[in-house]
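**Q** Following this message is one structure expressed as C-alpha cells.
The values are calculated or read from the model by the stated rules, or taken from the named source; none is laboratory data. Remember, predicted model here, so these are calculated numbers, not experimental data. Methodologically, a virtual Cβ is constructed for each residue, glycine included, from the backbone with ideal geometry; neighbour enumeration extends over all protein chains shown. Just so you know, the surface numbers come from the protein's heavy atoms only, side chains and all, with ligands and any DNA or RNA stripped out. Shrake-Rupley method; radii C 1.70, N 1.55, O 1.52, S 1.80 Å.
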Amino acid sequence: MLRNIPAILSPDLLMILRAMGHGDEIVIADANFPATSMGQRVARLDGIPATEVLEAVLRIMPLDAFVEDPALTMQVVGDPSAVPDIVARFQEIVNSEADNPAEIQTLERFAFYERAKGAYAVVQTGETRLYGNIILKKGVIKPA
C-alpha cells in the first residue's frame, strides 16, 4: 500500500503515468471504446466508471498548462454541440481536481480516434455511459 495514491490506480497504470513525459497523452475510455486496436499500451480498469478514473488520475498527474486543449472529449455523432451528462461531469472533475483546470474541448468521432491512436496509453474502464471518453495531455510538475 502507498499513501496519497488512489487505490483504484493499478500498478500497471501507475507505471504508465510515471513513464509519460510532458505533452504525452492518455485516453480514459469507456467500455465500448476500441482500446486494444487503438492503444500502444492498454491498462484495464474493468468495472470502474470513467469519472472515478479521471478523478484518480488528475489527483496525481499534472494537466498541461501550455496548450489550449489539454482535455478532449468526443463530439456526439449528429449533434456536435450536445454535452452528454458524463462530459459535463468530466468538466466538473477537471475543474475540481486538475492543477491547471481547463475548458474541455471536443473532437469529431474519427478525429478523436486518430488522436487516441497517437496517445501514449489507453485506460479501458467499465464505463457504460455513452461518450465516456476523454484524452488528457500531461503537464509538468513545477519546482517548489
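**Q** Have a look at Ile93, Ile26 and point out the one that is assigned to a strand (DSSP E or B) and at negative phi. First the steps, then the outcome.
**A** Working: Ile93 fails: assigned to a strand (DSSP E or B).
Selected residue: Ile26, the only one of Ile93, Ile26 that is assigned to a strand (DSSP E or B) and at negative phi.
**Q** Moving to a separate point now. Name every residue in the stretch 65-78 that is buried (at least 22 other Cβ atoms within 10 Å of the Cβ) and among the hydrophobic types (A, V, I, L, M, F, W, C), in order of residue number.
**A** Ala71, Met74 - these are the residues of the stretch 65-78 that are buried (at least 22 other Cβ atoms within 10 Å of the Cβ) and among the hydrophobic types (A, V, I, L, M, F, W, C).
**Q** Something else now. Here is a check on your reading of the model: is Ala7 farther than 17 Å from Ala111 by Cα, hydrophobic (A, V, I, L, M, F, W, C), open to solvent by 10 Å² or more (accessible area, probe 1.4 Å) and free of Cβ contacts under 8 Å to residues at least 12 places away in the same chain?
**A** For Ala7, the condition - farther than 17 Å from Ala111 by Cα, hydrophobic (A, V, I, L, M, F, W, C), open to solvent by 10 Å² or more (accessible area, probe 1.4 Å) and free of Cβ contacts under 8 Å to residues at least 12 places away in the same chain - is met.
**Q** Could you please let me know if Pro62 is modelled with pLDDT of 95 or more and open to solvent by less than 40 Å² (accessible area, probe 1.4 Å)?
**A** Working: modelled with pLDDT of 95 or more: yes; open to solvent by less than 40 Å² (accessible area, probe 1.4 Å): yes.
When the stated conditions are applied, Pro62 passes them.
**Q** While we're here: Considering only the stretch 63-78, how many residues are under 23 Å from His22 (Cα atoms) and free of Cβ contacts under 8 Å to residues at least 60 places away in the same chain?
**A** Qualifying residue count, the stretch 63-78: 2.
**Q** Is it the case that some residue within the stretch 39-56 is of a type in the set (D, E, K, R), more than 12 Å from the chain's Cα centre (by Cα), open to solvent by less than 80 Å² (accessible area, probe 1.4 Å) and within 19 Å of Asn100 (Cβ to Cβ)?
**A** Within the stretch 39-56, none of the residues are of a type in the set (D, E, K, R), more than 12 Å from the chain's Cα centre (by Cα), open to solvent by less than 80 Å² (accessible area, probe 1.4 Å) and within 19 Å of Asn100 (Cβ to Cβ).
**Q** List pairs: first in the stretch 36-48 and at positive phi, second of a type outside the set (D, E, K, R), Cβ under 9 Å, 6+ apart or cross-chain?
**A** Matching pairs, first to second residue: Gly47/Thr125; Gly47/Gly126.
**Q** Just a yes or no: is a residue in the stretch 76-85 at pLDDT 95 or above and under 15 Å from the mean Cα position of the chain (by Cα)?
**A** Scanning the stretch 76-85, I find no residue that is at pLDDT 95 or above and under 15 Å from the mean Cα position of the chain (by Cα), so the answer is no.
**Q** Next question, about the same structure. Would you pick out the residues in the stretch 100-144 that are surrounded by 23 or more Cβ atoms within 10 Å (Cβ to Cβ) and in a loop (DSSP other than H, G, I, E, B)?
**A** Across the stretch 100-144, the qualifying residues are Glu127, Tyr131, Gly132, Asn133.
**Q** Yes or no: Ala31 in contact (Cβ under 8 Å) with a residue 24 or more places away in the chain, part of a loop (DSSP other than H, G, I, E, B), of a type in the set (A, V, I, L, M, F, W, C) and under 21 Å from Phe110 (Cβ atoms)?
**A** When the stated conditions are applied, Ala31 passes them.
**Q** On the basis of being assigned to a helix (DSSP H, G or I) and either in contact with a helix residue (DSSP H, G or I) (Cβ under 7 Å, 6 or more places away or on another chain) or surrounded by 13 or more Cβ atoms within 10 Å (Cβ to Cβ) (or both), does Ile86 make the cut?
**A** yes
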